[in-house]
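Have a look at the structure below, then the notes.
The values are calculated or read from the model by the stated rules, or taken from the named source; none is laboratory data. What you see is a predicted model, and the numbers here were worked out from it, not measured in a lab. Using ideal geometry, Cβ is built from the backbone for each residue, glycine included, and neighbour counts are taken over all protein chains shown.
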Amino acid sequence: MAWIKTKSPFITVSLVLSVVMILFLMVPVIASVAGSASGIPGALTDERTLSAIWTSFYCAFIATALMLVLGVPFAYLFTRSEFWGKKALDSLIDIPILLPHNTAGIALFAVLAPSYPIGAAFANIGIGFVDTMWGIVAAMAFVSAPFMIRSAQEAFTSISPSVEKTGRSLGATRFQVFRHVTLPLASRGILTGCLLTWARAVSEFGAVAILAYFPKTAPIYLYDVFVINGLKAALPINGVLILLAIAILLVFRVTVFKSKNPIR
């Protein structure tokens, strides 16, 4: 109380609001894990739960690798080039973040379903997107792409073009400069992008549910259990997914923010 009296009303109000915010974020998480603690061991040994988690992790990894291959060159070109319509394109990059998730799924379905030209073209070479792993990957990649692009953009922007010009002046090609100079300097920002992309992809529900409900990812399996069997059955699976999310967050912080050479 004495501490509060020595602070301004603004600081006091800010403290109270901060406590409310922390409780708002933490109470549902803690309550869910605590309420499901007894059932978590069973969920961790249930083949359907483990299969759904594996599907989510595997497809998110492929989606992240795809966005790494496509997003990093795009981000580099975007930061190093000036062209007409650049500002408009810069705004379009964030559209997947702004779209409702089921809207994103329907948009993808309208392009990738076998009854549409692009979907039919892929079907002709044996790649289907409706209710397949490729559909899950496509939905995950679409909603998570901005995280890879923005992280890579920030990393490349932090590198002075003069460093690359020095490499070019010594006779190196643009690719050699990119590979041996720019990419190593930007690697930590790109790693951040990979982690954010994977985390966003693995948690996707709406777009995946529209385009590829099967095979079931962890969010879809949890939804099915909740709808069919109720809250009591869903809580242990929910607890497992929360614990996994916390573990992923810890890995992210240790890998990126606790590094001896943090991103600046």
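Here are some residues: F175, F156, F205. Which one is over 29 Å from V251 (Cβ atoms) and aromatic (F, W, Y)?
Values: F156 fails: over 29 Å from V251 (Cβ atoms); F205 fails: over 29 Å from V251 (Cβ atoms).
Among F175, F156, F205, only F175 is over 29 Å from V251 (Cβ atoms) and aromatic (F, W, Y).
Apart from one condition, W84 fits all of (1) without any contact (Cβ under 8 Å) to a residue 60 or more places away in the chain; (2) under 21 Å from G206 (Cα atoms); (3) not hydroxyl-bearing (S, T, Y); the exception is (2). Here I106 passes the criteria (1) under 24 Å from A52 (Cα atoms); (2) at pLDDT below 95; (3) not polar (S, T, N, Q) except the one numbered (2).
For region 171-264, which fully contained helices (runs of 4 or more DSSP H) count at least 3 residues that are surrounded by fewer than 15 Cβ atoms within 10 Å (Cβ to Cβ) and at pLDDT below 95?
Helices (runs of 4 or more DSSP H) meeting the threshold: 174-177, 231-252.
When restricted to residues that are among the β-branched types (V, I, T), part of a helix (DSSP H, G or I) and more than 14 Å from the chain's Cα centre (by Cα), region 131-157 contains 1. The residues on offer are A120, A88, and the sole one that is in a helix (DSSP H, G or I) and either in contact with a strand residue (DSSP E or B) (Cβ under 8 Å, 6 or more places away or on another chain) or modelled with pLDDT of 95 or more (or both) is A120.
Scanning region 59-95 for residues that are of a type in the set (F, W, Y) and surrounded by fewer than 16 Cβ atoms within 10 Å (Cβ to Cβ) returns F83, W84. Sort out which residues of region 32-50 are within 25 Å of the chain's Cα centre (by Cα) and of a type in the set (G, A, S), and write them in order of number. The answer is S32, A43.
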